[in-house]
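The values are calculated or read from the model by the stated rules, or taken from the named source; none is laboratory data. Small disclaimer: the values here were computed from a predicted structure and weren't measured. Positions of Cβ are backbone-derived with ideal geometry, glycine not excepted, and every protein chain shown enters the neighbour counts.
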Amino acid sequence: MISRELCKKVLSVAVSTGADYAEIFAEHTLNHSINMISDKVDSVNDSVVAGAGIRVFKGLRSVSASTVDTTEAGLIKCAQRAADALGEGSAAISIELRERLFGDIHPIKTVPASVSNAEKVKILKDGYFAARNHSDLIKQVRGTLLDIDHNILIANSEGIYAQDRQIRTRIAITAVAEKNGETQSGFCGPGRRMGMEMFEHEVDAVKVGIKAAEQAEIMAGAGYCPAGVMPVAIGNGFGGVIFHEACGHSLEASSVAYGTSQFCGKLGQQIANPKVTAIDDGTIPNAWGSINIDDEGTPAQRKVLIEKGILKMYMVDKFNGRRMGMESTGSARREDYSYTTTSRMTNTFIAEGSDDNDDIISSMEYGLYAKEMGGGSVNPTTGEFNFGVNEAYIVRNGKICEPVRGASLVGKGSDVIMKIDMVGKNLDLGTGMCGSSSGSIPTTVGQPLIRVSSITVGGR
C-alpha cells in the first residue's frame, strides 16, 4: 500500500519534534454484504475503507492523526500535524525499516471477492428459507451474508515494516415467531477468519436457519422467567460473552493502566474460583477473532489471563504498556485507521474443566439454565453487568424443564468468577463484534457449560 521508502520519510517527519516513537497504520478494506427480508434479496452493499493513521509518543504523551490522502504529500502533511501537536523539539531518533514476514496461520482457500453474488445468494437463501419454512409460527426472517477483506500495513520507528491480509466471512439469520399474539426472535450468526470454504466444512447454512427458527419458536411459547437469586448454568459457546464483558474488559490495559479496572494491582492473586482458567488466544487457526499480527505489528499470542483462579497477566498494547512498565502482548486493535489503537481481546474463553455436563445440571435443585446468552452492558471500572438471555429454561430437581423468556443476569464480574464452581467439558466458541474506544472489532467468546452457584436473575 505504501512503499518502505515513503514510510521512512513520513516517520522521519513524525518524530521531527522530539517523539520517541512513531507509527503508521494504513489499510484498504473491502466490505461486501447481501441482505434478505420478505423472501427476497433486499440489498447488496459494497464499501471501501482506505486511509492511514499516524501516531507519535513522547513519554506518556500520545498524539494521533489520520487521513484519507495516502499520497506522499497527504501522508507528510498528516505526520506534520501529529508532530506539531506533540510539541517543539528536534528529532531524537533515526528511522530504519526492515520488512518483516510473520507468516499466515489462517489459510484462505476461496477469496470471497472471487465468488459471484449468485453463488453467495444461493447460500444465504439456503439459510433464510430453512428458517422461513421451519413452521407456521415463523412470521419473518432476516438474513445477511457478510465478507470482509481487510488489508493492513504497519511501519514504526522501532524498525517494523509489515503487512497482513485478514479475510472473514459470516452468515447471520434472525427469525421471528408469533404465538398467541406475541412475538419472540431467535438468532444464529457464525463466522470464521476464512473464505467461502467456510460453507464446505465449518458452517451449514441450513442448520444456521433452523437453529434461529427453533429458538424463536421455543421462546414464543414460553412463560416469563421468575426473578430472584439462584444458581445458574450458562451454556457453552456464546455463553462466554459473560466473561468477555464482565471480566475481559477489566483485564485490558486500557482500564488497568489508569487504575480504573476492578482487577488493578492483583497480578498473582486469586481473583476467580480455582475451577476457572481463562485464555485470550489470537493464534487459533481461522477463528473469527484471530490475527497474525496486532495493529501495532506485534505477533499474535496465546495469553493465559487466569490460571486456576490466579490472575497471571493483562492484555497490553504499546502505549498503555509504557504506563504499566509492561511489554505488548499483541493485544492492540482498532476498527479502522481513523481510530486510535488500544488493548482489546481476540478469542477469549474459559478453558474446559473436569466436571461432567450432566452433573452440572443434576446438581441444581432449582435454578436457571441460560442456554443462549444475548447482549448486555458492563462498567469495566466496577465490573457491574446486566445481560439478556435469549434462550432459557427452569431447572427443577436436576432436570431441564420448561422454557422461560425475559430472563436477565445481573451482577459484578469479580463476584461472578468467584462463584463459577463447576466447569464442564464441551468448550465451544461463538462469533461476535466488540465495541470499545477503538471501535467495533471481530472477537470470539467461548466456554464450556459452567455453573454459577448464585447470581441475581431478573424476570417477573
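Figures for the structure shown
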{"quantity": "From Asp42, Asp46, Asp69, residue being under 19 Å from Ser3 (Cα atoms), acidic (Asp, Glu) and not in a helix (DSSP H, G or I)", "calculated": "Asp69"}
{"quantity": "Options Val41, Val48, Val68, Val56: the member that is touching a strand residue (DSSP E or B) at 6+ places or on another chain (Cβ under 9 Å), on the phi < 0 side of the Ramachandran plot and buried (at least 18 other Cβ atoms within 10 Å of the Cβ)", "calculated": "Val56"}
{"quantity": "Top-ranked residue in the stretch 74-108 [being of a type in the set (Asp, Glu) and in a loop (DSSP other than H, G, I, E, B); ranked as nearest to Glu23 (Cα to Cα)]", "calculated": "Glu96"}
{"quantity": "Leading residue by the ranking (nearest to Cys188 (Cα to Cα)) among those in the stretch 399-420 that are among the β-branched types (Val, Ile, Thr) and surrounded by fewer than 22 Cβ atoms within 10 Å (Cβ to Cβ)", "calculated": "Ile400"}
{"quantity": "Inter-residue pairs, beta-carbon under 8 Å, first under 14 Å from Thr342 (Cα atoms) and in the stretch 434-458, second among the β-branched types (Val, Ile, Thr), 6+ apart", "calculated": "Cys434/Ile441; Cys434/Thr443; Ser436/Thr342; Ser437/Thr340; Ser437/Thr342; Ser438/Thr340; Ser438/Thr341; Ser438/Thr342"}
{"quantity": "Test: Ile310 is surrounded by fewer than 24 Cβ atoms within 10 Å (Cβ to Cβ), in contact (Cβ under 8 Å) with a residue 40 or more places away in the chain and either touching a Cys at 6+ places or on another chain (Cβ under 6 Å) or among the aliphatic types (A, V, I, L, M) (or both)", "calculated": "yes"}
{"quantity": "Residue within the stretch 44-59 that is more than 25 Å from Ser338 (Cα to Cα), within 26 Å of the chain's Cα centre (by Cα) and not β-branched (Val, Ile, Thr) present", "calculated": "no"}
{"quantity": "Yes/no for Ser62 being within 30 Å of Arg132 (Cβ to Cβ) and either assigned to a helix (DSSP H, G or I) or of a type in the set (Gly, Ala, Ser) (or both)", "calculated": "no"}
{"quantity": "Among residues of the stretch 215-273, those that are in contact with a Gly (Cβ under 6 Å, 6 or more places away or on another chain), closer than 29 Å to Lys179 by Cα and not hydrophobic (A, V, I, L, M, F, W, C), counted", "calculated": "4"}
{"quantity": "Filter result for the condition that a residue is at pLDDT below 95 and either under 22 Å from the mean Cα position of the chain (by Cα) or within 30 Å of Val49 (Cβ to Cβ) (or both), over Gly411, Gly430, Gly439, Gly406", "calculated": "Gly411"}
{"quantity": "Single residue of the stretch 152-202 satisfying the filter (basic (Lys, Arg) and modelled with pLDDT of 95 or more) that is surrounded by the fewest Cβ atoms within 10 Å (Cβ to Cβ)", "calculated": "Arg165"}
{"quantity": "Qualifying residues in the stretch 421-437 (those that are small (Gly, Ala, Ser) and not in a loop (DSSP other than H, G, I, E, B)) - the one surrounded by the fewest Cβ atoms within 10 Å (Cβ to Cβ)", "calculated": "Gly435"}
{"quantity": "Top-ranked residue of the stretch 296-336 - restricted to ones that are hydrophobic (A, V, I, L, M, F, W, C) and in a loop (DSSP other than H, G, I, E, B), ranked as farthest from Thr443 (Cα to Cα)", "calculated": "Met326"}
{"quantity": "Sole residue being in contact (Cβ under 8 Å) with a residue 40 or more places away in the chain, closer than 25 Å to Ala351 by Cβ and charged (D, E, K, R), chosen from Asp421, Asp415", "calculated": "Asp421"}
{"quantity": "Only one of Ser343, Ser331, Ser408 that is under 30 Å from Gly459 (Cβ atoms) and touching a residue at least 24 places away in the same chain (Cβ under 8 Å)", "calculated": "Ser408"}
{"quantity": "Any hit, the stretch 349-364, residues being within 16 Å of the chain's Cα centre (by Cα) and either farther than 23 Å from Leu251 by Cα or modelled with pLDDT of 95 or more (or both)", "calculated": "yes"}
{"quantity": "Single residue of Gln301, Gln269 found to be touching a Leu at 6+ places or on another chain (Cβ under 8 Å), modelled with pLDDT of 95 or more and of a type in the set (S, T, N, Q)", "calculated": "Gln269"}
{"quantity": "Verdict on Val15 being buried (at least 21 other Cβ atoms within 10 Å of the Cβ) and more than 26 Å from the chain's Cα centre (by Cα)", "calculated": "yes"}
{"quantity": "Yes/no for Glu402 being more than 19 Å from Gly424 (Cβ to Cβ), among the charged types (D, E, K, R) and in a strand (DSSP E or B)", "calculated": "yes"}
